[in-house]
Amino acid sequence: MQKIANKRLNSNARKQIHYLALVFNDFFVLALLLIFGALMFWYAKSIQTWPRNLWYYSPLLALVFSISFGFGSLVTLFEHADQQFLLSLDDQLEFYLKPMLKYSMVLPTIILLLVGGIAFPFAFLRLAIHPINYLILLVDMLLLKHVQHLLQEHSLYFNDKLHYNTIAFTVIGYFLILLGIYQPLVLLAIIVVAMVYIIRQPLQGFNWNKAISKEAQRKDRIDNFYSMFTDVQDKKITISRRKYLDFLISRKKQTANMFLFQRILLRDPEYSNLLLRMIVFALLLIFIIQDYKLNTFLAAIVIFLTIYQLLPVANIYERNMMYHVQPISRSSRAVDLAKVLQKFILLQWLLISIGLVIASAGNLQSLLYILGLFVLTLILLYVYLPVKIGQTINKFKR
């Protein structure tokens, strides 16, 4: 069983490296560095002016760490065929899941250490947490994440004592982290006791249906992330109509390509969720940073990234046989897609601009920056976008 687990882990690692290389390309890494650098510059500048030991600092820090716990669930890499071929090996699953538990901690460890490193100046300067206590708190959170994985593992078995619920664990975890901010050693003792208790619980009858279903959901979440940047092979997509977005569909005379592209953007969760996430992300930055100059710069990057991530729409119907047998003009596809994307990106600019106006409290100078953002958006939409769509289509034909 351990050989099977190691073989699957190696295969999964190669797959993740392949898609991560496509996601974190030169342009995206550059954009992330610019956004991260701008945020860190604002953070370093602002933290010096914040008062010390306000009552809500500890709950806020605990909330930030609790949110970071949402990344990285238990990885099992089970497949549908395992229910038949590995059913007789239930008693050896412990050897299969052991390396999976170690692998599952890689991403949470990176995220928790990154968040912990960023939050350290705030914890040290504003909350007056001693560096040693803060280090113990980080260890506590890593162990607490391991406890979460242990609970998820035990929940895959038929048992009466241990059940895992994401909401319950998140709420309890929040209060435990809040306790750890004040008493990290007490939290460490609680976690150790919990780990010993969980490990000593007997494992009875593996629930294959639940395990396979959970793993399929986990893989789908990862594929949804990758699909925002590139095409993902064998990804299952569920298309559904969202009636509340029908007002965004043009009722005027339009080509078949425009008809299809409008609906794929609104009804395919990959692209509709992408648009929504980028808008929400930009608005969050605007209301957190409260600097219309820096926010305008970040908004421009967000709009650029949105355009860049929507380029794969150009080839979304290339593998659809019905698209090719229907009398649809493919020569005008690039122009039609550009028109559709221009409409949605201008809507994104409008919502971001409203957020900038509200956050700047109607500062007249901010209107000039919004106008500059509009000019830059037009350049991206009417100069950059048509060229990139053409390149995307030609690249696929090769």
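The values are calculated or read from the model by the stated rules, or taken from the named source; none is laboratory data. Keep in mind that this is a model prediction, so the values were computed, not measured. Here Cβ is always computed from backbone atoms with ideal geometry, including for glycine, and neighbour counts include all displayed protein chains.
Evaluate region 260-271: report whether one residue or more is touching a Gly at 6+ places or on another chain (Cβ under 7 Å), part of a helix (DSSP H, G or I) and crowded, with 19+ Cβ neighbours inside 10 Å. No, because not a single residue in region 260-271 is touching a Gly at 6+ places or on another chain (Cβ under 7 Å), part of a helix (DSSP H, G or I) and crowded, with 19+ Cβ neighbours inside 10 Å. Considering region 298-349, the residues that are part of a helix (DSSP H, G or I) and among the aromatic types (Phe, Trp, Tyr) include one that is modelled with the lowest pLDDT, namely Tyr323.
Which of the residues belonging to region 53-84 are touching a residue at least 12 places away in the same chain (Cβ under 8 Å), among the hydroxyl-bearing types (Ser, Thr, Tyr) and in a loop (DSSP other than H, G, I, E, B)? Result: Ser73, Thr76.
Rundown of residues vs (1) in contact (Cβ under 8 Å) with a residue 40 or more places away in the chain; (2) in a loop (DSSP other than H, G, I, E, B), yes/no style:
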site: Ala128; (1), (2): yes, yes
site: Leu135; (1), (2): no, no
site: Leu138; (1), (2): no, no
site: Leu144; (1), (2): yes, no
site: His149; (1), (2): yes, no
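Which one is farthest from Lys102 (Cα to Cα), of the residues in region 32-59 that are of a type in the set (A, V, I, L, M) and surrounded by 15 or more Cβ atoms within 10 Å (Cβ to Cβ)? Of everything passing the filter in region 32-59, Ala38 is farthest from Lys102 (Cα to Cα).
Within region 350-398, can you find the residues that are under 21 Å from Leu275 (Cα atoms) and part of a loop (DSSP other than H, G, I, E, B)? Selection gives nothing. Quick one: would you say Leu107 is of a type in the set (A, V, I, L, M), assigned by TED's automatic domain parsing to the domain that holds Gly173 and either under 18 Å from the mean Cα position of the chain (by Cα) or surrounded by fewer than 16 Cβ atoms within 10 Å (Cβ to Cβ) (or both)? Judged against the criteria, Leu107 is a match.
Count of region 85-124 residues, restricted to those that are without any contact (Cβ under 8 Å) to a residue 60 or more places away in the chain and assigned to a helix (DSSP H, G or I), is 21.
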